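Accompanying notes for the structure given below.
The values are calculated or read from the model by the stated rules, or taken from the named source; none is laboratory data. Note that this is a predicted model, so its numbers are computed, not measured. With ideal geometry, Cβ positions are generated from the backbone for all residues, glycine too; neighbour counts draw on all protein chains shown.
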2 protein chains.
Amino acid sequence: MRQETIENYLKTIYNLSSNNTAIVSNSQIAIQLELNPATVTEGLRKLHELKYVIYEKSYGTRLTTQGAKLALDIVRRHRIWETYLVKELGFGWDEVHAIAEELEHVNNTKLINKLASILGNPIYDPHGDPIPDEKGKIKKSNFIKLSEGLVKGNYTIMGVTDHSSAFLRYLEKNALIIGAKLFVKSIEEFDQSLSIVCQKKELIISSKVAECIIVQSND
Amino acid sequence: MRQETIENYLKTIYNLSSNNTAIVSNSQIAIQLELNPATVTEGLRKLHELKYVIYEKSYGTRLTTQGAKLALDIVRRHRIWETYLVKELGFGWDEVHAIAEELEHVNNTKLINKLASILGNPIYDPHGDPIPDEKGKIKKSNFIKLSEGLVKGNYTIMGVTDHSSAFLRYLEKNALIIGAKLFVKSIEEFDQSLSIVCQKKELIISSKVAECIIVQSND
DNA sequence: TTAAATATTTTGGTATGCCAAATTTAATAA
DNA sequence: TTATTAAATTTGGCATACCAAAATATTTAA
Ligand SMILES: [Mn+2]
Ligand SMILES: [Mn+2]
Ligand SMILES: [Mn+2]
Ligand SMILES: [Mn+2]
């Protein structure tokens, strides 16, 4: 298998398994990688052969120790590059994901560690995602999705789960950036939309948006 | 054809044609890309179809305007990255070529122009090779190979044509770095080895080494 | 506990990128 | 000008990465 193919599978499996705890289904992977399910079945069989994953037919897939190690390395490269592009090269947080998708495959430990060092070995990337250290160790957090919070609460935005330009520009337009504080006034029963206050301005956000915002409770 | 394959062919053809003037043979390309000649014949037929090259069977290949444009873009990316790695990230001139071979395929104009801008839009890379500007324009020079110079002359080292770590470390060990001044005392008739003085130290270099050093005459 | 819906796998097939061996073409030396 | 040598091309084949459609298996809803 081509190295880039392996890397894209492992990264995807890692991301879909939420910190490598859950088992991942073929269809999830197929959607994420925009591949035909038949292709994914084949791919997983090969990754199993290569001992990167445990793939149990018609049940699901999880990473082996070896697979998780490589996955965490790709995730590290991706997030370090995103941070470098934003902090050192002046890109917007809505532009960097696509570039990092390519840069992540350049495998040079010295390069990544040098970038990390220039950045002061950051623990979070521009979207609030944790950056694994050189050994693959990752900072645990007790953050939640805004959609999972209680009504009437104070929160700080810690990250996002959608990295599309469209979503990030929408957030920016409404001052919903990382570090911003917000207060949830109420949740509409009909559609679970949230009425929130942020920077003294009141606004309504859909449940779909609230699902993509990661927050820390301040209460 | 895969974009990376196209790019590697075009860059190679550009480099072998010395500034896109000469016609390039299949065997040269095969050696450079470490491919079987049969593969190169196929590759060139496809690149001709795609209008990147004019490939005349059993005669030779040259770039079209479109092909030269893309080739110069790859060369620019490669040399900007090499310069950035040396000047901003602290790599040695003997380490950067291999990394740039991967980074050159990341296609993002804004990124390359940003790196170039941080570097002050350099005209030469760490090996003395000229960096095309955004439009593909390249600084012409009247530099020569040290092996082509006259006996008893003063020269300044302007570049190298071999980018291997082994060669570059050999040069560094002997203070034969870019900008260094040297004096050619004599050329041995038997093997064309050169007796030179550099930094007050005398040393003998083989004709093979002299062929890989680009100089400007100071006389 | 079945039928319907959904997910997965198998099968058959395409496109790309490569190579080894055989053949043809071109260049060089006698 | 002919051998001889070298370069290029053709042919037949292999491996990888995909997909569409058909066949199975699993899950979910009756
Ligand atoms: Mn990727
Ligand atoms: Mn990110
Ligand atoms: Mn390359
Ligand atoms: Mn260079």
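List the number of the failed condition for B:Asn19; all other conditions in (1) at negative phi; (2) touching a residue at least 24 places away in the same chain (Cβ under 8 Å); (3) not acidic (Asp, Glu) hold.
(1)
Looking only at residues that are of a type in the set (S, T, N, Q) and away from DNA strand C (no atom under 16 Å from the Cβ) in region A:61-83, which one is nearest to the other protein chains (Cβ to nearest Cβ)? It would help to see each step written out before you state the result.
Residues of region A:61-83 of a type in the set (S, T, N, Q): A:61, A:64-66, A:83.
After this cut, where a residue has to be away from DNA strand C (no atom under 16 Å from the Cβ) as well, the list is A:64-66, A:83.
On the way: A:Thr64: 26, A:Thr65: 27, A:Gln66: 23, A:Thr83: 15 Å.
Per the stated criteria, the residue is A:Thr83.
Do we find a residue being within 16 Å of ligand 4 (Cβ to nearest atom), part of a loop (DSSP other than H, G, I, E, B) and at pLDDT 95 or above anywhere in region B:70-89? It would help to see each step written out before you state the result.
Step one: of region B:70-89, the residues within 16 Å of ligand 4 (Cβ to nearest atom) are B:71-89.
From what is left, the residues that are part of a loop (DSSP other than H, G, I, E, B) are B:88-89.
With at pLDDT 95 or above added as a condition, the list becomes B:88-89.
Scanning region B:70-89 turns up at least one residue that is within 16 Å of ligand 4 (Cβ to nearest atom), part of a loop (DSSP other than H, G, I, E, B) and at pLDDT 95 or above.
Each row is one residue, and each column tells you yes or no for (1) under 24 Å from A:Asp94 (Cβ atoms); (2) part of a loop (DSSP other than H, G, I, E, B); (3) of a type in the set (A, V, I, L, M, F, W, C); (4) not assigned by TED's automatic domain parsing to the domain that holds A:Lys11.
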| site | (1), (2), (3), (4) |
| --- | --- |
| A:Ala116 | yes, no, yes, yes |
| A:Asn121 | no, yes, no, yes |
| A:Lys135 | no, yes, no, yes |
| A:Leu150 | no, yes, yes, yes |
| A:Asp162 | yes, yes, no, yes |
| A:Glu189 | no, yes, no, yes |
| A:Glu202 | no, no, no, yes |
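How many of the residues in region B:81-119 are small (Gly, Ala, Ser), within 16 Å of ligand 3 (Cβ to nearest atom) and within 16 Å of B:Pro132 (Cα to Cα)? Talk me through it step by step, then tell me what you get.
Initial filter on region B:81-119 (small (Gly, Ala, Ser)): B:90, B:92, B:98, B:100, B:116-117.
If we keep only those that are within 16 Å of ligand 3 (Cβ to nearest atom) too, we end up with B:98, B:100.
Now narrow it down to the ones that are within 16 Å of B:Pro132 (Cα to Cα): B:100.
Adding up the residues that qualify gives 1.
Pairs only if they're at least six apart or on different chains, beta carbon under 7 angstrom, first in region B:84-105 and facing chain A (nearest Cβ under 8 Å), second of a type outside the set (A, V, I, L, M, F, W, C) and part of a loop (DSSP other than H, G, I, E, B); list them, first residue then second.
B:Ile99/A:Asn108
Which residue is nearest to the chain's Cα centre (by Cα), if the candidates are limited to region A:134-164 and must be of a type in the set (S, T, N, Q) and surrounded by fewer than 14 Cβ atoms within 10 Å (Cβ to Cβ)? Even if it seems obvious, please write down each step before you answer.
Quick first cut of region A:134-164, residues of a type in the set (S, T, N, Q) only: A:141-142, A:147, A:154, A:156, A:161, A:164.
In the following step, the residues that additionally are surrounded by fewer than 14 Cβ atoms within 10 Å (Cβ to Cβ) were identified as A:142, A:164.
Numbers: A:Asn142: 15, A:Ser164: 11 Å.
The selected residue is A:Ser164.
(1) within 16 Å of the chain's Cα centre (by Cα); (2) within 14 Å of chain B (Cβ to nearest Cβ); (3) farther than 16 Å from A:Pro132 by Cβ; (4) within 16 Å of DNA strand D (Cβ to nearest atom): which one isn't true of A:Arg2, the others all being true?
(1)
Residue-wise test of (1) surrounded by 17 or more Cβ atoms within 10 Å (Cβ to Cβ); (2) in contact (Cβ under 8 Å) with a residue 24 or more places away in the chain.
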| site | (1), (2) |
| --- | --- |
| A:Lys11 | yes, yes |
| A:Ser27 | no, no |
| A:Gln32 | yes, no |
| A:Gly43 | yes, yes |
| A:Leu50 | no, yes |
| A:Thr61 | yes, yes |
| A:Leu72 | yes, yes |
| A:Arg79 | yes, yes |
